[in-house]
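Asks: Would you mind keeping the following structure in view while I ask a few things?
The values are calculated or read from the model by the stated rules, or taken from the named source; none is laboratory data. Just so it is clear, the structure is predicted and the values come from calculations on it, not from any experiment. Neighbour counts run over all protein chains shown; Cβ positions are idealised from the backbone, glycine included.
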Amino acid sequence: MYEVIYHSRTGNTRKVAEAIAAELKVTAQDIGTAGIVPQDAFIFLGLGYDRVALPEIVTAFMKQNRFRGRKIALFTTSVFGSMTERKKIEQLLEANGAIIVRNFKCYGRCWDINKENPTALELKKARWFARSSAITLFSRQEEKAKELAFVG
């Protein structure tokens with residue numbers, strides 16, 4: 001089961017979340033209304049970033065859903081795409097117990113900067129990210145099931 005959860009201040013991350021959700025045949029959910037996510041769900045978590053701190057709504061969601069040990073696929077949008085900021089966000093998520101197994105980033109738009117973003121190509125890449133993540137996850141689960149079937 002997949003859940004696509006996002007936090008978007010300007011709509012960029014929402015557009016990427018919707019592309020990912022469409023590929024997975026689920027509905028993208030705003031983090032403010034997502035509530036408790038089933039523990040067996042694989043979460044695609046989308047965040048826009050323009051500063052280092054995670055918004056309170058994100059940390060509240062993580063606490064509510066016990067992120068310790070939970071595997072997620074992280075997708076982010078940013079006007080400038082600073083890898084330093086992105087790395088700090090990954091560290092904050094990991095400090096809350098999340099295990100980031102896949103990640104994707106694309107440029108966002110803000111004011112007159114990157115006005116066309118996310119572009120059709122970036123949304124296509126987001127759909128590919130969703131599909132490849134799902135295939136990888138399914139393959140790992142299938143391999144684990146085969147391993148368990150051989151154990152006596």
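Asks: Among the residues of the range 48-64, is there at least one that is within 18 Å of Trp128 (Cβ to Cβ), touching a residue at least 40 places away in the same chain (Cβ under 8 Å) and either of a type outside the set (S, T, N, Q) or assigned to a helix (DSSP H, G or I) (or both)?
Replies: Here is the first cut: in the range 48-64, the ones within 18 Å of Trp128 (Cβ to Cβ) are none.
Looking for residues that are within 18 Å of Trp128 (Cβ to Cβ), touching a residue at least 40 places away in the same chain (Cβ under 8 Å) and either of a type outside the set (S, T, N, Q) or assigned to a helix (DSSP H, G or I) (or both), one finds none in the range 48-64, hence no.
Asks: Tell me, which residue of the range 1-29 that is of a type in the set (S, T, N, Q) and either crowded, with 22+ Cβ neighbours inside 10 Å or touching a Pro at 6+ places or on another chain (Cβ under 8 Å) (or both) is nearest to Ser133 (Cα to Cα)? Can you show your working first?
Replies: In the first step, residues of the range 1-29 are kept if they are of a type in the set (S, T, N, Q); the result is 8, 10, 12-13, 27, 29.
Narrowing further to those that are either crowded, with 22+ Cβ neighbours inside 10 Å or touching a Pro at 6+ places or on another chain (Cβ under 8 Å) (or both): 12-13.
Values: Asn12: 21, Thr13: 18 Å.
Per the criteria, the residue is Thr13.
Asks: So in the range 30-46, with the set limited to residues that are assigned to a loop (DSSP other than H, G, I, E, B) and among the β-branched types (Val, Ile, Thr), which one is surrounded by the fewest Cβ atoms within 10 Å (Cβ to Cβ)? Spell out the reasoning first.
Replies: Residues of the range 30-46 assigned to a loop (DSSP other than H, G, I, E, B): 31-41.
Subset that is among the β-branched types (Val, Ile, Thr): 31, 33, 36-37.
On the way: Ile31: 21, Thr33: 7, Ile36: 9, Val37: 19.
Only one residue tops the list, namely Thr33.
Asks: When the residues of the range 99-131 are filtered to those that are over 19 Å from Tyr2 (Cβ atoms) and of a type in the set (A, V, I, L, M), which remaining residue is modelled with the lowest pLDDT?
Replies: The residue in question is Ile113.
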